[in-house]
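What follows draws every value from the coordinates through simple rules; no lab data is involved. The shown structure was predicted, so the numbers you read here are calculated from the model rather than taken from an experiment. Neighbour counts are summed over all protein chains in view; Cβ atoms, including those assigned to glycine, are modelled from backbone coordinates with ideal geometry.
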Amino acid sequence: MHITGKKVTHTLTPPAPVTPKHILTAITMAFSSTLTSMHVQAAGEINLPTVSVTANPLGVSSDDMVVPVSTLSGRELSLQRESTLGETLKSIPGVSSTYFGPNASRPIIRGLDGERVRMMQNGVGILDASSLSFDHAVPLDPLVIEQIDVVRGPAALLYGGSAVGGVVNAIDHRIPKEAINGVTGRSEVRFGGAENQKNGAVVVDAGNGVLTVHADAYKRKTDDLDIPGYAMSRRKSEQSGEARERKGRLVNSGSDADGGAIGASIALENGYVGMSYSTFNNKYGTVADPDVLIDMKSDRWDFASELRDLGRMISKVKVRMAYTDYKHQELEDGEVGTTFKNRGVEGSIEATHGNIGPLNGVVGIQFHNSRFQAMGEEAFVPSNRTNTRAVYLYEELPLDALKLTFGGRVEHAKIDSRGGDEFGPSQSKSFTPYSFAGGALFKLDEQWSVTANLSHNERAPSYFELYADGEHVATGQYEVGSSDLDKERSNGIDAQLRWKRHHHAFQIGAYYTRFNNFIGLFNSGELVNEDGIPGQADSVITEARFTGAKATFRGIEAEGKFRIYDKTGSLDLNLRGDYVRATNRDTGDPLPRISPLKLGFGLDYRFNRFGSRLDILRAFKQDRTDENELVTDGYTLVNATVTYKLPTSQHFQLEAFAKAYNLLDQTIRDHTSMLKDIAPMGGRSVLVGLRGDF
């Protein structure tokens with residue numbers, strides 16, 4: 001087939017709920033209607049250059065970005081793709097995960113997580129409950145993602161206070177940005193692994209040069225995770241006095257998920273306009289409680305449009321909006337115990353102005369309206385509404401070998417609590433955060449460059465930091481918010497040295513972030529009962545309060561890729577490493593759940609149809625701990641991958657692959673995980689699969 005443009009993503013609105021069966025039917029219809037209306041020509045594999053747009057609305061390539069941005073796409077994403085977003089991104093320096101078992105894992109960037117890492121889908125925020133509690137999965141499956149951009153460091157200027165730690169933007173091309181003429185797509189199946197995966201996905205785009213239709217569907221089913229030893233750590237057993245009983249299997253860690261999307265766009269003379277609809281369904285075990293399952297469903301409608309070449313004053317306008325209807329129920333022995341709902345709309349309108357001399361940039365407005373409800377036995381936050389409005393400006397000034405960037409953002413957030421019998425009277429809090437940032441990229445020569453960034457970031461407290469009041473079973477604490485919290489404020493600096501020549505590339509960077517008011521969940525020293533009352537016979541639950549503290553985060557990150565052999569095939573050496581140190585300046589104590597020093601290397605060999613890869617990661621012992629957490633032993637993780645492209649026609653490319661995990665069969669506990677002492681990573685296993693492109 002002949003392809004005249006790139007694929008892109010977003011979402012369309014159906015009149016009734018869409019199931020994977022409906023989506024597969026839509027795929028068939030897209031094939032039939034397109035093939036009957038046009039002549040489809042064959043084409044080989046198309047490799048389009050990766051362009052990072054996250055954290056730079058002007059759409060420059062990653063080499064010209066001032067802020068540290070990592071991109072996973074193509075073969076690299078295929079090799080790193082796991083069942084959750086957090087585990088998929090752990091190969092990136094500075095990124096770790098919350099790992100609440102194999103089904104719920106949210107990225108941590110430079111030691112910051114939750115409300116400080118902005119989770120986005122096609123440039124619009126993901127509305128869910130994953131920042132409220134780490135046992136709540138992000139409603140997005142990596143099987144249908146085409147590219148993931150990760151901004152390491154503050155991005156509050158463009159995306160608000162919830163991006164003070166960084167941004168993860170998953171791009172799925174559900175709203176095609178450019179027209180295609182023909183049919184293209186991919187499919188993939190996977191079997192095996194420590195959780196006995198049985199996964200499959202299909203993605204299809206079809207168009208006639210004006211109308212382009214996208215459809216995708218996936219199915220994922222897993223069993224309980226195989227682990228190399230006991231679920232409970234030795235230290236946890238000694239501390240609690242509990243016997244180590246469960247061995248070889250992580251109880252209640254299976255899952256059954258499916259979903260998909262259908263979208264369409266119309267190519268205009270100077271842009272496009274499109275819509276899409278997607279659905280996500282996931283039923284999985286929570287691991288922390290063997291009798292609890294989470295039944296999650298998220299429906300999302302997206303709209304996107306871009307108009308280019310509009311004139312000298314305003315050259316481009318981009319609009320993105322999404323409405324999400326999210327719900328999950330926590331089932332205890334088959335009965336609904338607690339229900340969480342989150343519904344809302346988020347969007348942005350961004351205008352690129354014409355050049356003012358060498359100066360170019362954008363001005364944008366963003367809005368977010370959501371309504372959150374928690375009902376049932378374990379509802380520890382009241383029903384609430386969050387409304388935010390923001391305006392921002394981002395500018396770039398290229399001066400020969402030097403490029404300067406600067407901008408600012410003003411945001412207004414209003415968080416209303418409905419209150420209730422357990423939560424007291426209704427309340428309303430308003431905040432006006434301000435953020436400013438400036439950066440520079442200086443090219444020393446054709447190979448070397450250096451970057452530096454300065455930023456002041458402010459974040460409004462979230463609804464649960466303000467209003468939480470109840471037992472949070474997932475964390476084993478009674479959590480208490482404070483409506484007296486002020487804005488979280490921080491100042492940061494980071495710098496990178498970069499080198500790139502032919503097939504070689506290397507970069508090393510350091511950062512320092514100083515919080516004047518770091519909002520954290522800190523142990524109060526009290527034991528309370530399930531009603532939050534201390535001093536009772538049943539007061540056995542640890543109380544933790546959201547309070548402000550002074551804190552610092554400092555660290556270093558490095559990665560490199562070097563072509564060490566290039567005769568019979570090619571052999572690349574990959575290097576990576578990161579370290580973060582976080583301290584509560586009020587007490588001098590370490591902050592909890594901070595990743596230890598990690599160093600890794602890998603070998604990537606390719607020859608004709610054959611490919612192989614070996615990755616070794618050494619995570620060191622973490623004994624710089626908060627007083628309420630246990631020391632975590634170091635580990636060495638060894639993974640290996642083999643791929644082979646089968647001899648097929650030019651119309652269709654097929655590749656078989658096999659991946660071996662944890663070859664040393666070590667008991668691996670990530671210090672960043674809330675469940676590290678009762679839920680280790682999977683043991684030695686092999687996963688096989690087949691993927692095709694057409």
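Sum -39500 (n - 2.57) across every DSSP H segment of at least 4 residues in the chain, then divide by the residue count to get the 222 nm mean residue ellipticity, nearest 500.
-1500 deg cm²/dmol, from helical runs alone.
What is the sum of charges, Lys and Arg at +1 and Asp and Glu at -1, for the other residues whose Cβ falls under 10 Å from the Cβ of residue 688?
Net of charged neighbours comes to +2.
Amide H of residue 126 versus every other amide H placed in the peptide plane: which residues, excluding those fewer than 5 positions away on the same chain, fall under 5 Å?
Residues meeting the amide H criterion: 119, 120, 121.
Among the GluC sites (Glu not before Pro) in region 223-264, which ones are in a DSSP loop with at most 15 other Cβ atoms within 10 Å of the Cβ? Mind listing them?
242, 245
Would you mind calculating the relative contact order of the chain from Cα pairs under 8 angstrom and at least 6 residues apart, reporting the percent as a whole number?
Worked out over the chain, it gives 11 percent.
Assign unit charges at the C-beta atoms only (+1 for Lys and Arg, -1 for Asp and Glu), then state the dipole size of region 567-620 relative to its Cα centre in Debye, rounded to the nearest 20.
That gives a dipole near 240 debye.
Count charges around residue 397 for me, please; just the other residues with Cβ under 14 Å from its Cβ, Lys/Arg as +1, Asp/Glu as -1.
Within the 14 Å Cβ shell, the charges total -3.
Go from 0 up to the bin containing the longest alpha carbon distance in region 445-489, width 10 Å each, and give me the % of pairs per bin.
In order of increasing distance, the bins hold 22, 28, 19, 13, 12, 6 percent.
Whole Å is fine, so just give me how far the alpha carbon centre of region 229-302 lies from that of region 597-637.
Taking the Cα centre of region 597-637 as reference, the centre of region 229-302 is 24 Å away.
With the calculation restricted to Cα positions, what are the radius of gyration and Dmax of region 84-153 in angstrom?
Computed over the Cα atoms of region 84-153, radius of gyration and Dmax are 11.0, 28 Å.
Would you kindly state how much longer the chain becomes between residue 243 and residue 610 on full extension, computed as 0.36 nm times their sequence separation minus their alpha carbon distance, in nm to one decimal?
Gain on extension, residue 243 to residue 610, equals 127.3 nm.
Taking the Cα atoms of region 297-433 alone, what are Rg (to one decimal) and Dmax (as a whole number) in Å?
Answer for region 297-433, Rg first and Dmax second: 21.0, 67 Å.
P(r) for region 522-616: what percent of alpha-carbon pairs falls in each 10 Å bin, starting at zero?
13, 23, 18, 16, 14, 11, 5, 0
Dipole magnitude of the chain about its Cα centre, charges +1 at Lys/Arg Cβ and -1 at Asp/Glu Cβ only, in debye to the nearest 20?
2360
For a distance above 23 Å, tell me the whole-number percent of Cα pairs in region 443-592 that qualify.
The calculated P(r) of region 443-592 puts 58 percent of pairs beyond 23 Å.
Suppose a student asked you for the relative contact order of region 47-172, using Cα pairs under 8 Å spaced at least 6 residues apart; what percent would you report?
About 27 percent, as a whole number.
Grab the eigenvalues of the alpha-carbon gyration tensor for region 173-288, scale each by 5, take roots, and send me the semi-axes largest first in whole angstrom.
Listed largest to smallest, the semi-axes of region 173-288 are 46, 14, 10 Å.
What percentage of all Cα-Cα pairs in region 359-505 are separated by more than 23 Å?
55
Any idea what log10 I(q)/I(0) is at q = 0.09, 0.14, 0.20 Å⁻¹ for region 552-694, Debye with uniform C-alpha scatterers and no solvent?
Each listed q maps to, in turn, -0.41, -0.82, -1.19.
Tell me the chymotrypsin sites (Phe, Trp or Tyr not before Pro) within region 599-686 that lie in a loop according to DSSP and have at most 11 other beta-carbon atoms within 10 Å.
Those satisfying the criteria are 652.
Test of understanding: express the Cα radius of gyration of the chain as a ratio to 2.2 N^0.38 Å, with N the residue count.
Taking N as the residue count of the chain, the ratio is 0.93.
Roughly how big is region 329-396's charge dipole about its Cα centre, with Cβ charges of +1 (Lys, Arg) and -1 (Asp, Glu), in debye to the nearest 20?
Computed charge dipole of region 329-396: roughly 500 debye.
Could you state the orientation-averaged shadow area of the convex hull built on the Cα atoms of region 297-365, in nm² to one decimal?
Result: a mean projected hull area of 6.2 nm².
Take the Cα atoms of region 223-346, find their three principal axes, and give me the spread along each one in whole Å, biggest first.
For region 223-346, the Cα spread along each principal axis is 72, 32, 23 Å.
Return the whole-Å distance between the Cα centroid of region 643-672 and the Cα centroid of region 400-472.
Comparing the Cα centres of region 643-672 and region 400-472, I get a distance of 38 Å.
Please tell me the relative contact order of region 405-488 in percent, rounded to the nearest whole number, where contacts are Cα pairs under 8 Å and at least six residues apart.
The value is 24 percent.
For a quick check of your reading of the filter: which trypsin sites (Lys or Arg not before Pro) in region 264-350 sit in a DSSP loop and have no more than 15 other Cβ atoms within 10 Å?
Answer by residue number: 312.
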